[in-house]
Amino acid sequence: MTENTTRTEFTGTGTEADPLTFNAMRQTAPDQAAASIASLSTDARNYEAAFRSAADLSANLPADVRQLVSEAATAITTPLATATAARTKAADFRANVLANPEGREFMATEVLKVAADKVSESFANADFRLKVAEADLYEVARPRISPDAAMPARADLQMMTARHIDNPGALAGTLKTLAQRDDAVGALVADGAYLRDFLDAHGIERELRDSILTSVRGEVFKVAALSADSKRAAAGKTSMALVELRKARAAAAAYTRHTLSAK
């Protein structure tokens, strides 16, 4: 397979509410198809590098979170070499004219199968670490509310949302705006557990509730990235950079799938 400079095009942010979508493979001539597959490996590495460039993996981020995201990045890129090596080894088995055809194909198939299992395990490892890391990043990024400010903030939140409870679109927009505030009300909205209970108590349907929670989380991360608090800023920047890591995951998955399945 030959390298080219084609870059995989993505849409979406990589969140549950707005998943990444892309067209990994186009209908092309055989040599162009091989180049397109090879370019996915380059794309994956470039996206992983973009993540490391945009994230703040300094001491401002808790050590355990830094370790999680670094291990996730490694688990995403490692399958690229695993798949490439397996593909080469399988080709060598198939090209061995001294072995019988059935034996050659059996060995080639086994090499690809073992590699596919390793790739799947590595991606599962990455997905688990990304999920845990994002939850940890949110806890660092979100503002906190003092006990004495909690009660007034609840009353203010109730007043600000009361007229929108029967208008899902307006309610979602209001909460998204409130999540941008760096005060007690903003901190209350940023408290995922409280906001979930608040929406459930007002009878908001699960699908809309989860969409609002996702939207609010995105706003909290954006605000945190610009915060004067270095720890919150590091968490916000790193979380926003995770979209690049998810792009790397998608490109790597496409590359390994095509590399390990092609004859």
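The values are calculated or read from the model by the stated rules, or taken from the named source; none is laboratory data. Given the structure is predicted, the values throughout are model-derived calculations rather than measurements. Glycine gets a Cβ as well: all are built from the backbone with ideal geometry, and neighbour counts include every protein chain shown.
For A126, the conditions (1) of a type in the set (A, V, I, L, M, F, W, C); (2) at pLDDT 95 or above; (3) surrounded by fewer than 19 Cβ atoms within 10 Å (Cβ to Cβ) are fulfilled apart from (3).
D197 fulfils the conditions (1) surrounded by 15 or more Cβ atoms within 10 Å (Cβ to Cβ); (2) charged (D, E, K, R); (3) more than 24 Å from N60 (Cβ to Cβ) except for a single criterion, (1). Please enumerate the residues belonging to region 220-235 that are surrounded by fewer than 20 Cβ atoms within 10 Å (Cβ to Cβ), touching a helix residue (DSSP H, G or I) at 6+ places or on another chain (Cβ under 9 Å) and of a type outside the set (A, V, I, L, M). Passing the criteria: K222, S227, K231.
Taking the criterion of being over 16 Å from A187 (Cβ atoms) and in contact (Cβ under 8 Å) with a residue 40 or more places away in the chain, the residues of region 128-143 that qualify are R129, L130, V132, A133, E134, D136, L137.
Of the helices (runs of 4 or more DSSP H) entirely within region 144-197, those holding at least 2 residues that are in contact with a Lys or Arg (Cβ under 8 Å, 6 or more places away or on another chain) and touching a residue at least 24 places away in the same chain (Cβ under 8 Å) occupy 184-190.
Whether a residue is outside any helix (DSSP H, G or I), among the acidic types (D, E) and buried (at least 18 other Cβ atoms within 10 Å of the Cβ) was assessed, and D43 does not pass this test.
Answer yes or no as to whether A133 is in contact with a helix residue (DSSP H, G or I) (Cβ under 9 Å, 6 or more places away or on another chain), in the same structural domain as A228 (by TED's automatic domain parsing) and either under 30 Å from P79 (Cβ atoms) or small (G, A, S) (or both). No, not satisfied.
Scanning region 209-224 for residues that are touching a residue at least 40 places away in the same chain (Cβ under 8 Å) and out of contact with any Phe, Trp or Tyr (no Cβ under 8 Å at 6 or more places or on another chain) gives D210, S211, I212, T214, S215, V216, G218, E219, K222, V223, A224.
Considering every residue within region 61-75, establish whether at least one is within 30 Å of S230 (Cα to Cα), part of a loop (DSSP other than H, G, I, E, B), assigned by TED's automatic domain parsing to the domain that holds A253 and among the aliphatic types (A, V, I, L, M). Yes, some residue in region 61-75 is within 30 Å of S230 (Cα to Cα), part of a loop (DSSP other than H, G, I, E, B), assigned by TED's automatic domain parsing to the domain that holds A253 and among the aliphatic types (A, V, I, L, M).
Name every residue in region 97-109 that is surrounded by 13 or more Cβ atoms within 10 Å (Cβ to Cβ) and part of a helix (DSSP H, G or I), in order of residue number. Passing the criteria: R104, E105, F106, M107, A108, T109.
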